[in-house]
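Worksheet: the structure to be examined is printed underneath.
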Amino acid sequence: AGCLLAVSSSMALDVSGPIVSDTTWALADSPINVVADVEIDAGAQLTIEPGVHVRFAADARLILQIGAVRAVGSVAAPIIFDSALASPAAGDWGPILIEDHSLDATTAWDFVVVRHGKGVVLHRASPTLNRVALENNAGAAMSLDLESSPIGVGLTAAGNGLNGISIPPGTIAGSVRWGLVGIPYVVAEGIVTVGLPPMTLTP
(Lines give C-alpha, C1' and ligand atoms only; values in the text may rest on other atoms or scores of the structure.)
Protein backbone atom coordinates (compact mmCIF):
# COMPACT_ATOMS: atom_id res chain seq x y z
CA ALA A 1 0.00 0.00 0.00
CA GLY A 2 1.23 3.49 -0.81
CA CYS A 3 1.76 6.28 1.69
CA LEU A 4 0.29 9.75 1.04
CA LEU A 5 2.21 12.70 2.45
CA ALA A 6 0.15 15.89 2.88
CA VAL A 7 2.13 19.00 2.11
CA SER A 8 0.75 22.42 2.92
CA SER A 9 0.21 24.60 -0.14
CA SER A 10 0.81 27.71 1.94
CA MET A 11 3.79 29.78 0.88
CA ALA A 12 5.01 33.26 1.62
CA LEU A 13 4.37 36.00 -0.94
CA ASP A 14 6.79 38.93 -1.34
CA VAL A 15 5.18 42.24 -2.33
CA SER A 16 6.35 45.79 -3.03
CA GLY A 17 5.59 48.74 -5.27
CA PRO A 18 2.30 50.16 -6.57
CA ILE A 19 -1.01 48.31 -6.63
CA VAL A 20 -3.12 49.82 -9.43
CA SER A 21 -5.79 47.15 -9.94
CA ASP A 22 -7.97 45.23 -7.50
CA THR A 23 -5.79 42.77 -5.58
CA THR A 24 -6.37 40.14 -2.90
CA TRP A 25 -3.82 39.00 -0.33
CA ALA A 26 -5.10 35.48 0.26
CA LEU A 27 -4.75 33.26 3.30
CA ALA A 28 -3.22 30.59 1.07
CA ASP A 29 -0.31 32.99 0.36
CA SER A 30 0.20 34.07 3.98
CA PRO A 31 2.51 35.32 5.32
CA ILE A 32 2.64 38.30 2.98
CA ASN A 33 6.13 39.85 3.14
CA VAL A 34 6.16 43.58 2.41
CA VAL A 35 9.79 43.95 1.34
CA ALA A 36 9.49 47.65 0.38
CA ASP A 37 6.77 50.32 0.32
CA VAL A 38 3.41 49.21 -1.09
CA GLU A 39 1.17 52.00 -2.44
CA ILE A 40 -2.48 51.50 -3.35
CA ASP A 41 -3.27 53.90 -6.18
CA ALA A 42 -5.46 54.52 -9.25
CA GLY A 43 -8.66 53.61 -7.36
CA ALA A 44 -7.59 50.02 -6.70
CA GLN A 45 -8.92 47.99 -3.76
CA LEU A 46 -6.64 45.76 -1.73
CA THR A 47 -8.63 43.00 0.00
CA ILE A 48 -6.90 41.11 2.81
CA GLU A 49 -8.49 37.81 3.79
CA PRO A 50 -9.15 36.77 7.41
CA GLY A 51 -6.14 35.20 9.12
CA VAL A 52 -3.54 36.76 6.83
CA HIS A 53 -0.27 37.72 8.53
CA VAL A 54 1.42 40.71 6.84
CA ARG A 55 5.11 41.10 7.75
CA PHE A 56 6.97 44.32 7.01
CA ALA A 57 10.68 44.67 6.30
CA ALA A 58 12.56 47.44 8.10
CA ASP A 59 10.99 50.86 7.39
CA ALA A 60 8.57 49.46 4.78
CA ARG A 61 5.20 51.21 4.68
CA LEU A 62 1.66 50.55 3.46
CA ILE A 63 0.41 53.72 1.77
CA LEU A 64 -3.25 54.08 0.82
CA GLN A 65 -3.08 56.87 -1.73
CA ILE A 66 -6.06 56.60 -4.13
CA GLY A 67 -8.07 53.48 -3.42
CA ALA A 68 -9.23 51.29 -0.55
CA VAL A 69 -8.00 48.63 1.85
CA ARG A 70 -10.62 46.13 2.98
CA ALA A 71 -9.14 44.12 5.85
CA VAL A 72 -11.96 42.25 7.59
CA GLY A 73 -10.82 39.47 9.89
CA SER A 74 -12.67 37.63 12.65
CA VAL A 75 -12.23 36.71 16.32
CA ALA A 76 -10.75 33.36 15.31
CA ALA A 77 -8.78 34.73 12.35
CA PRO A 78 -7.58 38.30 12.87
CA ILE A 79 -5.49 40.07 10.24
CA ILE A 80 -2.05 40.88 11.68
CA PHE A 81 0.35 43.59 10.50
CA ASP A 82 3.73 42.98 12.16
CA SER A 83 7.50 43.25 11.80
CA ALA A 84 9.41 40.76 9.68
CA LEU A 85 12.52 41.16 11.82
CA ALA A 86 13.72 38.20 13.85
CA SER A 87 13.53 40.18 17.10
CA PRO A 88 10.59 42.57 16.57
CA ALA A 89 10.65 45.96 18.30
CA ALA A 90 8.54 49.11 18.28
CA GLY A 91 9.19 51.24 15.19
CA ASP A 92 10.61 48.47 12.98
CA TRP A 93 8.34 49.40 10.08
CA GLY A 94 5.65 51.80 8.96
CA PRO A 95 3.63 53.76 9.46
CA ILE A 96 0.46 52.71 7.67
CA LEU A 97 -0.61 55.91 5.87
CA ILE A 98 -4.23 56.51 4.89
CA GLU A 99 -4.17 59.57 2.65
CA ASP A 100 -6.52 62.27 1.40
CA HIS A 101 -7.82 60.46 -1.69
CA SER A 102 -8.41 57.09 -0.08
CA LEU A 103 -11.93 55.77 -0.62
CA ASP A 104 -13.61 56.21 2.75
CA ALA A 105 -16.76 54.24 1.93
CA THR A 106 -14.87 51.04 1.07
CA THR A 107 -11.88 51.30 3.40
CA ALA A 108 -13.00 49.10 6.28
CA TRP A 109 -11.01 47.17 8.87
CA ASP A 110 -12.28 44.72 11.48
CA PHE A 111 -10.34 42.44 13.84
CA VAL A 112 -6.97 43.85 12.78
CA VAL A 113 -3.76 43.92 14.86
CA VAL A 114 -0.96 46.44 14.17
CA ARG A 115 2.29 45.61 16.01
CA HIS A 116 5.92 46.82 16.22
CA GLY A 117 5.49 49.59 13.65
CA LYS A 118 4.96 53.33 13.73
CA GLY A 119 1.19 53.15 14.08
CA VAL A 120 -1.54 54.32 11.71
CA VAL A 121 -1.56 57.87 10.30
CA LEU A 122 -4.61 59.52 8.67
CA HIS A 123 -4.46 62.59 6.41
CA ARG A 124 -7.91 63.98 5.54
CA ALA A 125 -9.28 60.44 5.61
CA SER A 126 -12.37 58.94 7.24
CA PRO A 127 -12.25 55.13 7.11
CA THR A 128 -14.16 52.67 9.31
CA LEU A 129 -11.78 50.98 11.76
CA ASN A 130 -13.49 48.46 14.04
CA ARG A 131 -11.76 46.28 16.65
CA VAL A 132 -8.24 47.41 15.74
CA ALA A 133 -5.60 46.46 18.34
CA LEU A 134 -2.53 48.74 18.27
CA GLU A 135 0.33 47.11 20.17
CA ASN A 136 3.98 48.06 20.82
CA ASN A 137 4.22 50.77 18.17
CA ALA A 138 6.69 53.65 18.35
CA GLY A 139 5.05 57.02 18.97
CA ALA A 140 1.28 57.35 18.94
CA ALA A 141 -0.86 54.30 18.30
CA MET A 142 -2.72 56.44 15.76
CA SER A 143 -2.37 60.01 14.49
CA LEU A 144 -4.85 62.09 12.55
CA ASP A 145 -5.18 65.64 11.33
CA LEU A 146 -8.04 68.06 11.96
CA GLU A 147 -9.83 67.12 8.73
CA SER A 148 -10.16 63.36 9.33
CA SER A 149 -13.37 61.76 10.63
CA PRO A 150 -12.72 58.04 11.15
CA ILE A 151 -15.33 55.93 12.92
CA GLY A 152 -15.07 52.59 14.66
CA VAL A 153 -15.67 50.64 17.85
CA GLY A 154 -13.64 48.32 20.05
CA LEU A 155 -10.22 49.86 19.51
CA THR A 156 -7.45 48.98 21.97
CA ALA A 157 -3.93 50.30 22.49
CA ALA A 158 -1.15 48.82 24.64
CA GLY A 159 2.61 49.23 24.81
CA ASN A 160 2.74 52.11 22.33
CA GLY A 161 4.70 55.34 22.81
CA LEU A 162 1.26 56.94 23.24
CA ASN A 163 -1.70 54.66 23.88
CA GLY A 164 -4.10 57.01 22.16
CA ILE A 165 -4.95 58.98 19.04
CA SER A 166 -2.65 61.96 18.59
CA ILE A 167 -4.31 65.16 17.38
CA PRO A 168 -2.30 68.26 16.37
CA PRO A 169 -3.18 71.68 17.77
CA GLY A 170 -5.00 74.01 15.41
CA THR A 171 -8.41 75.12 14.24
CA ILE A 172 -11.21 72.87 13.03
CA ALA A 173 -12.77 74.96 10.27
CA GLY A 174 -15.11 72.34 8.80
CA SER A 175 -17.29 69.51 10.04
CA VAL A 176 -15.37 66.60 11.57
CA ARG A 177 -16.35 63.61 13.66
CA TRP A 178 -14.13 61.99 16.24
CA GLY A 179 -15.89 58.65 16.14
CA LEU A 180 -13.29 56.08 17.22
CA VAL A 181 -14.29 54.35 20.46
CA GLY A 182 -12.01 52.51 22.89
CA ILE A 183 -8.87 54.65 23.04
CA PRO A 184 -8.56 58.34 23.92
CA TYR A 185 -8.00 61.29 21.62
CA VAL A 186 -4.97 63.26 22.85
CA VAL A 187 -4.05 66.78 21.70
CA ALA A 188 -0.28 66.66 21.17
CA GLU A 189 0.47 70.06 22.69
CA GLY A 190 -1.50 73.28 22.55
CA ILE A 191 -5.22 73.71 21.95
CA VAL A 192 -7.77 72.78 19.34
CA THR A 193 -10.32 75.47 18.54
CA VAL A 194 -13.57 74.80 16.76
CA GLY A 195 -14.84 77.23 14.17
CA LEU A 196 -13.22 79.85 12.02
CA PRO A 197 -10.49 82.00 13.55
CA PRO A 198 -11.38 85.64 14.34
CA MET A 199 -11.59 87.88 11.31
CA THR A 200 -9.49 91.02 11.17
CA LEU A 201 -10.68 93.97 9.09
CA THR A 202 -8.35 96.76 8.07
CA PRO A 203 -9.63 100.06 6.68
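The values are calculated or read from the model by the stated rules, or taken from the named source; none is laboratory data. Keep in mind it's a predicted model, so treat the numbers as computed, not measured. Cβ: placed from backbone, ideal geometry, glycine included. Neighbour counts: every protein chain shown. For accessibility, only protein heavy atoms count, side chains too; no ligands or nucleic acids. Shrake-Rupley method; radii C 1.70, N 1.55, O 1.52, S 1.80 Å.
Gap in Å between the Cα centre of the stretch 36-71 and the Cα centre of the stretch 94-138?
Using only Cα atoms to place each centre, the spacing works out to 10 Å.
Considering the chain as a Gaussian network with a 10 Å cut-off on Cα pairs, which listed residue, Val121, Val181, Val113, attains the greatest mean-square fluctuation?
Val181
Give the accessible area for Thr24 in Å² (nearest 10); use a 1.4 Å probe, count only protein heavy atoms, and leave out ligands, DNA and RNA.
Accessible area of Thr24: about 70 Å².
Amide H of Asp59 versus every other amide H placed in the peptide plane: which residues, excluding those fewer than 5 positions away on the same chain, fall under 5 Å?
Sorted by chain and number, the residues that satisfy this are Trp93, Gly94.
Which of the three applies to the stretch 90-134, rounded, prolate or oblate, going by the alpha-carbon gyration tensor with a ≥ b ≥ c and a/c under 1.5 meaning rounded? Show your work: numbers first, answer last.
Details: a/c = 3.16, a/b = 1.38, b/c = 2.30.
It comes out oblate by the Cα gyration axes.
Output the Kirkwood hydrodynamic radius of the stretch 30-113, Cα pairs only, in Å rounded to one decimal. Mind showing how you got there, number by number?
On the way: mean 1/r = 0.0770 Å⁻¹.
By the Kirkwood definition, the hydrodynamic radius is 13.0 Å.
Run the 1.4 Å probe and let me know the accessible area of Trp93, rounded to the nearest 10 Å².
Approximately 0 Å² for this residue.
Relative to the present Cα-Cα distance, how much length would full extension add between Ala36 and Val72 at 0.36 nm per residue of separation?
Values: separation 36, 0.36 × 36 = 12.96 nm, distance 2.33 nm.
Extending this stretch completely gives an extra 10.6 nm.
With N denoting the number of residues in the chain, provide Rg(C-alpha) divided by 2.2 N^0.38 Å, to two decimal places.
Numbers: Rg = 18.9 Å, N = 203, 2.2 N^0.38 = 16.6 Å.
The value comes to 1.14.
Taking amide H positions as placed 1.01 Å from N in the peptide plane, with prolines and chain starts having none, which residues 5 or more places from Asn33, or on another chain, fall under 5 Å of its amide H?
Leu13, Asp14, Val15, Arg55
How big is the dipole moment of the chain about its Cα centre under a simple scheme where the beta carbon of each Lys and Arg is +1, that of each Asp and Glu is -1, and everything else is neutral? Debye, nearest 20, please.
On the way: 8 positive and 18 negative charges, 86 e Å.
My answer is approximately 420 debye.
I'd like the Kirkwood hydrodynamic radius of the stretch 111-203, using the inverse of the mean 1/r over distinct C-alpha pairs, in Å.
Values: mean 1/r = 0.0721 Å⁻¹.
One over the average 1/r among Cα pairs gives 13.9 Å for the stretch 111-203.
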